[in-house]
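The values are calculated or read from the model by the stated rules, or taken from the named source; none is laboratory data. What you see is a predicted model; the values in this text were computed from it and never measured. Heads up, the Cβs are rebuilt from the backbone with ideal geometry, glycines too, and the neighbour counts pull from every protein chain shown.
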Amino acid sequence: MKLNKFWFIIAAVFLIGIAFTMVADNEFYFYATYAVMQLMIMGIAWNILGGFTGYVNFGSGGFFAAGAYTTVFLHRAFDAPPLLIAVLVAPMVCGLIGLGVGYFTLRLKGVYFAIATLAVAIILETIVVNWEFVGGAGGYYLLIPENVVFFDSYIEWLFVLILAITLIAIIVSRYLNSSKIGQGLAAIRDDELAAESMGVPTLKLKLISTTVMGGLMGAAGAPFPYFITFVEPVSAFNLLVAVMAIAVPMIGGTASWIGPVIGGLLLGTIQETVTVNISSELNLLIVGVVLVGFISLAPQGITGLYQDFMRKRRKGND
Amino acid sequence: MTEPILSVTNLTKRFGGFVALDGVDVSLGDKERLGLIGPNGSGKTTLINCISGALYNEQGKVNFEGSDVTGTTASSRAKLGIIRTFQIPRPFRSMTIIENLLIPMEYAASGRMESRNLRDQAMESLEIVGLQDRADENSANLTQIDMRRLELARALSAKPSLLLSDETMAGLSSSEVDEVLDILFALNGRGVAVIMIEHIMRAVMKYSERIVVLDAGKKIADGSPDEIVNNRDVERAYLGE
Ligand SMILES: Nc1ncnc2c1ncn2[C@@H]1O[C@H](COP(=O)(O)OP(=O)(O)OP(=O)(O)O)[C@@H](O)[C@H]1O
Ligand SMILES: [Mg+2]
């Protein structure tokens, strides 16, 4: 019953998205919702490793950039192949990087792990800066194709693509959260030694976690070069990207798959509204204030607040 | 003694330059109840850690049910049925009491569970330790004593064939100690071998068929409870000279 409802909503959202491209013609809406969804995917991806598994890290932004640069590489190497190919290849590349990084850093705990992942992001950035083929430090211009099939404009196609990636990210995250794997990840987050003693293959599960995190981050980054048409390392690897990805589940709640979905919607919407109506500098300030507010007042995020509320109400009824 | 279920040979564990275990040999018969005693810091928990795989020993071997498990992960040993409790309870704090039990049922014992509803099977373990009415409470808010009960229930849910019980009874009242002893006797009656670490002498003496004594990382005695009580070395280790 519950399962059917979930799949119904997923299908409905996708169809509404398609319908949206047919009726709306102000491109601003597509740019704005694209940005919200990109943020949401990054929040979902970060949360799989940082929230479900408890490995808080600042390096996730590097995987986003690696996804974007996979697209740039393919664009240059194969004379602008369809974006869909990059969207399929980037998660594999970034998932593999996640697996490798996980293998070498997961023995570290807490703050050491967080710093090691940051170092990984810096290494990736250094590689890109020095790799002229993908534009090096100067960046890479990428012309969006003039002809789009089926849609009125390229941004509509990008919008549908990121919508599909978002829904897939939600499906993957929900599966990981509610399956046996999710229980194992929660056990790792609570107490890794106890988890291992109770038969949870912690190394294997942590590697699954980093691989999926990397893959989803890469998927979020793959269409990005087409979205902004000019990629350069400093903005792609911006630490702010990583901070935003952390803020999303922090606000929504880290324990469940729904947390980053809610957090992404909320934060993304605030961000877009403020950027458009006021200024992008103020936007950052507001994100900061919201984040600090949640961390100090509601560390379990919105889903935690909701659970507390329900618990109190149930107690009240007893 | 029948074919040993566990045999630890020449096990040495160092922490930096400090030798926590020094060439320890222990073997355990099928369904045997072994007491492991020794003064504070003598290496009892370290030995449990090495048997369960929580720590790797740089020297010596651990054999379980005829196969060499030295160097394998704790989770793979747990799957084989080597299950330990923690001296300082380590519940999964974000989970309810019953969810804590589902972890070993889904993992350590996954191949060995009955096909019945897992929750029902978990409830049975909770009934054994007397936590059945609190199954859905959060485990983080339990008292120390109840955390020990949970620790034991979680270990039972993992369907051990060898249970390594590390001071499960510390802090319990005399009647509670008897309850836990009953639980462990019943478990053993179902064919589970048990190594019990305990400072409560009455309990170890009553429970153990055989007792191993550690002192400063060395095994200084190995024998029946009567032999241990009358052993001069043991007396010296405990009382000093
Ligand atoms: N991870 C570790 N790192 C360094 N030293 C350790 C470690 N674990 C244990 N030790 C040391 O090894 C020695 C044996 O400790 P262990 O915990 O095995 O003793 P024990 O017999 O279980 O004592 P107790 O009865 O107090 O529980 C102690 O001196 C302890 O300080
Ligand atoms: Mg100890």
Is it true that B:Gly38 is crowded, with 22+ Cβ neighbours inside 10 Å, of a type in the set (Gly, Ala, Ser), more than 14 Å from every other protein chain (Cβ to nearest Cβ) and out of contact with any Cys (no Cβ under 8 Å at 6 or more places or on another chain)? yes
Of (1) part of a loop (DSSP other than H, G, I, E, B); (2) within 14 Å of ligand 1 (Cβ to nearest atom); (3) crowded, with 21+ Cβ neighbours inside 10 Å, B:Leu21 fails just (1)
Scanning the range B:45-79 for residues that are assigned to a loop (DSSP other than H, G, I, E, B) and either away from ligand 1 (no atom under 16 Å from the Cβ) or in contact with a Phe, Trp or Tyr (Cβ under 7 Å, 6 or more places away or on another chain) (or both), the one nearest to the other protein chains (Cβ to nearest Cβ) turns out to be B:Thr73
Counting only residues in the range B:148-184 that are within 14 Å of B:Arg33 (Cα to Cα) and among the charged types (D, E, K, R), the one surrounded by the fewest Cβ atoms within 10 Å (Cβ to Cβ) is identified as B:Asp182
Those residues of the range A:108-117 that are assigned to a loop (DSSP other than H, G, I, E, B) and surrounded by 12 or more Cβ atoms within 10 Å (Cβ to Cβ) come to a total of 1
Checked against (1) of a type outside the set (Asp, Glu); (2) more than 13 Å from chain B (Cβ to nearest Cβ); (3) assigned to a helix (DSSP H, G or I), A:Phe150 satisfies every condition except (3)
| said: Going residue by residue through the range A:63-78, is there one that turns out to be modelled with pLDDT under 85, in contact with a Phe, Trp or Tyr (Cβ under 7 Å, 6 or more places away or on another chain) and either outside any helix (DSSP H, G or I) or not hydroxyl-bearing (Ser, Thr, Tyr) (or both)? | reply: yes
The residue that is surrounded by the most Cβ atoms within 10 Å (Cβ to Cβ), considering only those in the range B:200-216 that are assigned to a strand (DSSP E or B) and more than 15 Å from ligand 2 (Cβ to nearest atom), is B:Ile211
When restricted to B:Glu151, B:Glu106, the only residue closer than 17 Å to B:Thr96 by Cβ and within 16 Å of ligand 2 (Cβ to nearest atom) is B:Glu151
The one condition A:Trp7 fails out of (1) part of a helix (DSSP H, G or I); (2) in contact with a helix residue (DSSP H, G or I) (Cβ under 8 Å, 6 or more places away or on another chain); (3) over 30 Å from A:Glu132 (Cα atoms) is (2)
Original post:
Within the range B:226-241, can one find any residue that is among the hydroxyl-bearing types (Ser, Thr, Tyr), within 16 Å of ligand 2 (Cβ to nearest atom) and within 14 Å of chain A (Cβ to nearest Cβ)?
Top reply: no
Those residues of the range B:1-49 which are touching a Lys or Arg at 6+ places or on another chain (Cβ under 6 Å) and either away from ligand 2 (no atom under 13 Å from the Cβ) or within 21 Å of B:Glu227 (Cβ to Cβ) (or both) amount to B:Thr9, B:Asp22, B:Val24, B:Leu34, B:Leu36, B:Gly38
Log entry, pairs with first residue in the range A:9-25 being farther than 18 Å from A:Tyr154 by Cα, second being loosely packed, with under 15 Cβ neighbours inside 10 Å, beta carbons closer than 7 Å, six or more apart or on different chains, reads A:Ile10/A:Ile171
- prompt: What do you reckon, is B:Gly130 of a type in the set (Gly, Ala, Ser), farther than 29 Å from A:Ala186 by Cα, surrounded by fewer than 16 Cβ atoms within 10 Å (Cβ to Cβ) and more than 14 Å from chain A (Cβ to nearest Cβ)?
  reply: no
Exercise. Would you call B:Ala108 at the interface with another protein chain (Cβ under 7 Å from one of its Cβ atoms), buried (at least 20 other Cβ atoms within 10 Å of the Cβ) and either aliphatic (A, V, I, L, M) or out of contact with any helix residue (DSSP H, G or I) (no Cβ under 6 Å at 6 or more places or on another chain) (or both)?
Worked result: yes
Counted residues in the range B:166-199 being within 16 Å of ligand 2 (Cβ to nearest atom) and either of a type in the set (Phe, Trp, Tyr) or more than 15 Å from the chain's Cα centre (by Cα) (or both) come to 1
For the range A:172-204, the count of residues that are in a helix (DSSP H, G or I), among the acidic types (Asp, Glu) and surrounded by fewer than 23 Cβ atoms within 10 Å (Cβ to Cβ) equals 2
Q. Does the range B:87-100 contain any residue that is over 14 Å from A:Gln183 (Cβ atoms), within 16 Å of ligand 1 (Cβ to nearest atom), surrounded by 18 or more Cβ atoms within 10 Å (Cβ to Cβ) and facing chain A (nearest Cβ under 8 Å)?
A. yes
